[in-house]
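Contents: one structure, followed by commentary.
The values are calculated or read from the model by the stated rules, or taken from the named source; none is laboratory data. Keep in mind the model is a prediction, meaning the values are calculated, not measured. Glycine also receives a Cβ, built like all others from the backbone with ideal geometry; neighbour counts cover every protein chain displayed.
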Amino acid sequence: MREDYQDYPLLDWEDDYSAAKAAACILDEERLILLMPRELDLKVDPEECGCDLEEDDGMLYGCDPGETLEILAEATGLSGLVEVGEAAAEVGALLDIDLEGRRLIFRGE
């Protein structure tokens, strides 16, 4: 399940403009790591979001981006996450979540 994310471009979430930039990258079928604010809680129900939980590294793998980011948008008040999730779902990307590192990682199947 583990993948090397070293070559993935990074984007810091700063505001809703970050959502537009992330969505554009994803629609170009680019892999992307979206770094979220430190105070943000990225915990979701793995079963509800279609994720696989790796207990040893605390990451969620293969999440449904549309469903997951809609849930996170509602929980965090960051409505731009819905736009990012829709873009990822449109191109068939998967979402990995690094809970401790505050990273949303978009990758191909």
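Does at least one position in the range 51-65 carry a residue that is of a type in the set (Asp, Glu), under 22 Å from residue 79 (Cβ atoms) and under 14 Å from the mean Cα position of the chain (by Cα)? Among the residues of the range 51-65, at least one is of a type in the set (Asp, Glu), under 22 Å from residue 79 (Cβ atoms) and under 14 Å from the mean Cα position of the chain (by Cα), which makes the answer yes. Looking at the structure I just gave you, is residue 80 surrounded by fewer than 18 Cβ atoms within 10 Å (Cβ to Cβ), over 10 Å from the mean Cα position of the chain (by Cα) and either of a type in the set (Gly, Ala, Ser) or within 21 Å of residue 24 (Cα to Cα) (or both)? Criteria not met by residue 80. In the range 45-55, the qualifying residues are those that are modelled with pLDDT of 95 or more and among the hydrophobic types (A, V, I, L, M, F, W, C), and the one that is farthest from residue 86 (Cα to Cα) is 51.
Considering the range 28-41, and only residues there that are touching a helix residue (DSSP H, G or I) at 6+ places or on another chain (Cβ under 7 Å) and modelled with pLDDT of 95 or more, the residue that is nearest to residue 108 (Cα to Cα) turns out to be 32.
Pairing residues of the range 84-109 that are surrounded by fewer than 16 Cβ atoms within 10 Å (Cβ to Cβ) with residues that are in a helix (DSSP H, G or I) and among the β-branched types (Val, Ile, Thr), at Cβ distances under 7 Å and at least 6 apart in sequence or on separate chains, gives 91/26.
You will find that of 58, 77, 62, the residue that is of a type in the set (Gly, Ala, Ser), without any contact (Cβ under 8 Å) to a residue 60 or more places away in the chain and farther than 17 Å from residue 19 by Cα is 58 and no other.
Filtering the range 50-90 to residues that are among the small types (Gly, Ala, Ser) and under 18 Å from residue 103 (Cβ atoms) leaves 58, 62, 73, 75, 80, 85, 87, 88. Going through 86, 14, 109 one at a time, which residue ends up being modelled with pLDDT of 95 or more, charged (D, E, K, R) and more than 10 Å from the chain's Cα centre (by Cα)? So the residue among 86, 14, 109 that is modelled with pLDDT of 95 or more, charged (D, E, K, R) and more than 10 Å from the chain's Cα centre (by Cα) is 86. Being on the phi < 0 side of the Ramachandran plot, in a loop (DSSP other than H, G, I, E, B) and surrounded by fewer than 20 Cβ atoms within 10 Å (Cβ to Cβ) is a description that does not apply to residue 11.
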